[in-house]
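Here's the structure, in structure tokens; my notes come after.
The values are calculated or read from the model by the stated rules, or taken from the named source; none is laboratory data. All values reported here derive from a predicted model rather than from experimental measurement. Cβ sites come from the backbone with ideal geometry, for glycine too, and all protein chains shown count toward neighbours.
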Amino acid sequence: MAHHKSESPRYPKSHIMAASGIAAALSIFLLVIPTTEVEAKRTLVQLDLQEISSEAPAKAVLSEELDALISETVTITSPLELTSTSESIATTASPEVVNTSIQVPLVAEAEPQESAAPEWTSVTVSSGDTLSVLFQQVGLSANTLHEVINSSKEAKAFTRLRVGQQIDFKLGEEGQLQGMRSQISTLETIRIDRDGEQYAFSKDVLEPEVSTRFASGSIDSSLFLAAQNAGLSHNLTMQMANVFGYDVDFAREIRQGDQFEVLFEEKHLDGERVGTGNILAARFTNRGKTYTAVRYTDGNGYTSYYRADGTSMRKAFIRTPVEFARISSRFNPGRRHPVLNKIRAHKGVDYAAATGTPIKATGDGRVVHVGRKGGYGNTVVIKHGQTYQTLYAHMSRYASGIRVGSNVNQGQVIGYVGMTGLATGPHLHYEFQVSGRHVDPLSVKLPASDPIPSRERNAFLALSNQMMASLDQQGATQLAQLSE
């Protein structure tokens with residue numbers, strides 16, 4: 001029996017084309033009509049590229065199309081947009097591309113939200129507030145306060161608060177301190193920032209533009225009023241009184257008609273005045289006698305005031321230990337004591353002033369007594385070398401750090417006016433001894449300090465002549481303007 005080899009059925013070409021068309025239509029239908037899952041998400045289409053023909057032209061064209069798709073985010077608004085994209089890929093790709101797929105982002109995914117940065121909380125200092133109170137207000141513990149204050153010596157600046165000052169706190173998500181800051185002046189801001197487990201102190205200081213200004217005035221009733229009318233700040237007025245305090249006793253020697261001329265530094269920031277600096281040169285006429293002062297910094301960086309001729313203004317002692325106080329009792333060996341009502345020598349000078357007024361050491365020296373001293377009450381005694389000794393009595397309290405053996409500088413605050421001991425009112429009793437003998441502090445001739453060193457003299461005189469000429473010129477200009 002003859003065997004016939006089975007053959008695959010042959011279909012007419014028209015049938016094959018029809019079947020291909022149906023398959024293509026079905027594929028398009030499945031792509032165009034999204035499943036429930038795709039309809040719900042509308043984010044991307046899966047097209048796996050597992051095998052691509054090595055034909056360069058087709059591959060290049062497909063690569064360009066894919067790059068174009070990947071480089072842009074397509075938002076689907078209707079199935080028709082997806083159809084056109086799919087057809088673009090199908091018509092461009094080579095017929096030999098098999099199992100082709102790629103992930104095409106169609107809707108931009110929302111980027112993860114970063115946690116918000118800690119915000120600053122501001123607290124304003126009220127009367128009676130301490131840093132501890134402010135920490136409690138923002139929910140910070142006493143332990144945190146202790147860590148901050150003891151993190152550095154500079155950090156203690158945050159404890160010196162003034163009414164109206166603003167302190168800013170930056171807290172973390174769990175309420176922990178991340179940083180704090182405070183503007184203590186127009187030019188200076190201090191801050192603390194957390195650095196790991198530690199706290200770091202820093203200071204931001206703005207550099208202002210510094211210019212030179214001139215002011216002059218005549219005293220009718222008081223130095224402060226005349227200085228204010230001339231445009232001098234309180235700080236500049238005090239500075240002027242300190243500069244001339246070696247020659248002029250501002251507590252008892254100011255007279256109507258006294259005059260002053262001052263060249264001083266003025267600070268500007270962004271065109272606005274933000275403060276004043278040092279007095280550069282000045283003249284003060286007291287009871288017809290004119291005193292001059294020029295600020296000079298030598299080659300070693302030491303700055304002081306000298307008279308225009310180079311002699312020192314600074315004496316070994318200043319006249320008055322309490323600024324602008326009223327003399328209530330003078331040196332009198334035969335005075336009747338106001339409390340004991342019997343003759344007892346008054347070996348010093350009494351300066352009447354409000355309780356708490358600062359008392360300054362009149363010269364450099366070493367403290368030899370701090371404490372109660374009979375009728376003197378709370379008393380400080382300072383020894384100045386082998387010859388001089390000063391005494392300060394009836395204090396309400398002592399300044400911080402003043403103890404026996406302490407070295408003090410001229411002008412340093414050593415205590416505060418009070419009425420301890422035998423006193424009828426708040427005042428300072430001040431005594432001055434020379435070689436163990438009491439002398440009148442108001443009339444004793446005070447030893448002068450050193451003049452300009454000879455090696456600095458030429459440089460100083462050049463500056464001094466310039467400053468005095470500037471005072472003359474500015475004064476003449478101001479006088480001309482007033483007479484117009």
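Here ASP220 clears all of (1) in contact with a Ser or Thr (Cβ under 7 Å, 6 or more places away or on another chain); (2) assigned to a loop (DSSP other than H, G, I, E, B); (3) charged (D, E, K, R) except the condition numbered (1). Taking the criterion of being among the β-branched types (Val, Ile, Thr) and within 15 Å of ILE359 (Cα to Cα), the residues of segment 373-423 that qualify are THR379, VAL380, VAL381, ILE382, THR390, ILE402, VAL408, VAL413, ILE414, VAL417, THR420. The test for being free of Cβ contacts under 8 Å to residues at least 60 places away in the same chain, assigned to a strand (DSSP E or B), more than 30 Å from GLU154 (Cα to Cα) and of a type in the set (Phe, Trp, Tyr) holds for PHE284. Only one of the listed residues (VAL322, VAL262) is within 20 Å of ASP440 (Cβ to Cβ), surrounded by 19 or more Cβ atoms within 10 Å (Cβ to Cβ) and either out of contact with any helix residue (DSSP H, G or I) (no Cβ under 6 Å at 6 or more places or on another chain) or among the hydrophobic types (A, V, I, L, M, F, W, C) (or both). That residue is VAL322. Taken together, the residues in segment 280-306 that are under 22 Å from GLY363 (Cβ atoms), at pLDDT 95 or above and among the charged types (D, E, K, R) amount to 1. Between GLY245, GLY175, GLY257, the distinction of being outside any strand (DSSP E or B) and under 21 Å from THR121 (Cα atoms) belongs to GLY175 only. Return the pairs, sorted by first residue and then second, in which the second residue is surrounded by 15 or more Cβ atoms within 10 Å (Cβ to Cβ) and modelled with pLDDT under 90, the first residue lies in segment 172-186 and is among the β-branched types (Val, Ile, Thr), the beta carbons are less than 8 Å apart, and the residues are 6+ apart or on different chains. As it stands, the answer is THR186/VAL274; THR186/GLY275, since those pairs meet every condition given.
Among residues of segment 360-377 that are more than 23 Å from MET313 (Cα to Cα), those with a beta-carbon under 6 Å from a residue that is part of a strand (DSSP E or B) and aliphatic (A, V, I, L, M) at least six positions away or on a different chain give the pairs VAL367/ILE382; VAL368/VAL381; HIS369/VAL381; VAL370/VAL380; TYR376/ALA393.
Among the residues of segment 420-434, is there at least one that is among the aliphatic types (A, V, I, L, M), touching a residue at least 40 places away in the same chain (Cβ under 8 Å) and touching a Ser or Thr at 6+ places or on another chain (Cβ under 9 Å)? Scanning segment 420-434, I find at least one residue that is among the aliphatic types (A, V, I, L, M), touching a residue at least 40 places away in the same chain (Cβ under 8 Å) and touching a Ser or Thr at 6+ places or on another chain (Cβ under 9 Å), so the answer is yes. With respect to the conditions (1) outside any strand (DSSP E or B); (2) among the β-branched types (Val, Ile, Thr); (3) touching a Lys or Arg at 6+ places or on another chain (Cβ under 8 Å), THR379 lacks only one, and its number is (1). Of all residues assigned to segment 402-419, at least one qualifies as being closer than 20 Å to ALA345 by Cα and of a type outside the set (Lys, Arg). Against the list (1) modelled with pLDDT under 90; (2) in contact with a Lys or Arg (Cβ under 9 Å, 6 or more places away or on another chain), the condition GLY196 fails is (2).
Considered as a group, the residues in segment 164-201 that are of a type in the set (Ser, Thr, Tyr) and surrounded by 13 or more Cβ atoms within 10 Å (Cβ to Cβ) include one that is farthest from the chain's Cα centre (by Cα), and that residue is TYR199.
One residue alone among ALA459, ALA423, ALA476 is exposed (fewer than 11 other Cβ atoms within 10 Å of the Cβ) and out of contact with any Leu (no Cβ under 7 Å at 6 or more places or on another chain), and that residue is ALA476. Restricting VAL210, VAL163 to those that are of a type in the set (A, V, I, L, M) and out of contact with any Lys or Arg (no Cβ under 8 Å at 6 or more places or on another chain) reduces the list to VAL163.
Yes/no matrix, rows are residues, columns are (1) in contact with a strand residue (DSSP E or B) (Cβ under 9 Å, 6 or more places away or on another chain); (2) among the hydroxyl-bearing types (Ser, Thr, Tyr); (3) under 30 Å from SER329 (Cβ atoms):
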{"position": "GLU188", "(1), (2), (3)": "yes, no, no"}
{"position": "VAL205", "(1), (2), (3)": "yes, no, no"}
{"position": "SER211", "(1), (2), (3)": "yes, yes, no"}
{"position": "SER233", "(1), (2), (3)": "yes, yes, no"}
{"position": "PHE244", "(1), (2), (3)": "yes, no, yes"}
{"position": "PHE264", "(1), (2), (3)": "yes, no, no"}
